[in-house]
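Any read-out appearing in this document is the output of simple, stated calculations on the displayed coordinates, not a laboratory observation. Note that the structure is a prediction, hence the values are computed from the model and not measured. Every residue, glycine as well, gets a Cβ built from its backbone with ideal geometry; the counts of neighbours run over all protein chains shown.
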Amino acid sequence: MFENILIATDDSELIKNAIKYTANAFPDSQYHLLNVIYTTERSVPTTDILMKDLKKASKRAIQDGVEILKRMGIDKINKSVREGVPSKQILKYSEENHIDMIVMGTQSKSGIQTYEIGDTCLHTLENTTIPVLLFDTIVDIVNPKKLLHPTSGSRYSVEAGYVAIELAEYFEGKVKVLCTRGDKKTEASFRRLETFAEKNKVSFNISACTKKPNKEIVRESKKNDIVVTSRGRPGLKYKLRKIYPPFALGTLEREIIVEARKPVLFVGD
């Protein structure tokens, strides 16, 4: 389903688990392993000794990823090490290599983070339109049969809904939709998704959220294998995201990332 998958690597157990999960789910894809040595915007200049250590760690992270993929029967592997700001290099590499899904962990391995979501993860999500599969915790290596799709019914959410249905067809699974709002426009959107699901012979169940959609989505995510949602949402802030990228992610999206405890696939607009 995804032909070119980029995995932002480090030598953490979280990313090793993410590589196994993704390779198990998409064994026929071309894999790109990218490790970025953070060399700019530092308060202390990088010394020759430190750079040598960083390059060793980078080489080890790439090699670990290659070994995992090969053990899982995957030979279509591209390897790349770059220097600079990780999120910028991830975005640049994605554009240059026609990547159609980025895989990464939500936490940064180094540095002091103000939030529970790492800067690299945030900056990548805020600036890409490519689907991003996020891992916040180590998960079981399974094909996702139960997909949760929280949605507002917006045009952005509808695109994510189509992806959720296509994934469910691919994995022979089912989609549960949690609607965070209801009006005539959203009802029309759901009818289109239901028609698409029926055409693809996918079980598709819709239910409305309570007055506390954040908590309900997080609670339901624990009953499912993966969350497929949209970065886009209604409102002026999201429309201004290209002027101010942090507007690309709202409170609900951030809460899902941190608290779902399941892989989360963010679909761009």
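This table checks each residue for (1) in contact (Cβ under 8 Å) with a residue 12 or more places away in the chain; (2) small (Gly, Ala, Ser).
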site: Ala23; (1), (2): yes, yes
site: Ser29; (1), (2): yes, yes
site: His32; (1), (2): yes, no
site: Val36; (1), (2): yes, no
site: Thr47; (1), (2): no, no
site: Leu54; (1), (2): yes, no
site: Lys59; (1), (2): yes, no
site: Val66; (1), (2): yes, no
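Per the listing Ser203, Ser157, the residue uniquely in contact with a strand residue (DSSP E or B) (Cβ under 9 Å, 6 or more places away or on another chain), surrounded by fewer than 17 Cβ atoms within 10 Å (Cβ to Cβ) and either closer than 24 Å to Thr106 by Cβ or not aromatic (Phe, Trp, Tyr) (or both) is Ser203.
In segment 166-263, counting only helices (runs of 4 or more DSSP H) that sit wholly within it, the ones holding 2 or more residues that are within 23 Å of Leu14 (Cβ to Cβ) span 213-221, 251-259.
One residue is enough: does segment 225-238 have a residue meeting the conditions surrounded by 14 or more Cβ atoms within 10 Å (Cβ to Cβ), within 23 Å of the chain's Cα centre (by Cα) and of a type in the set (Phe, Trp, Tyr)? Checking segment 225-238: at least one residue is surrounded by 14 or more Cβ atoms within 10 Å (Cβ to Cβ), within 23 Å of the chain's Cα centre (by Cα) and of a type in the set (Phe, Trp, Tyr).
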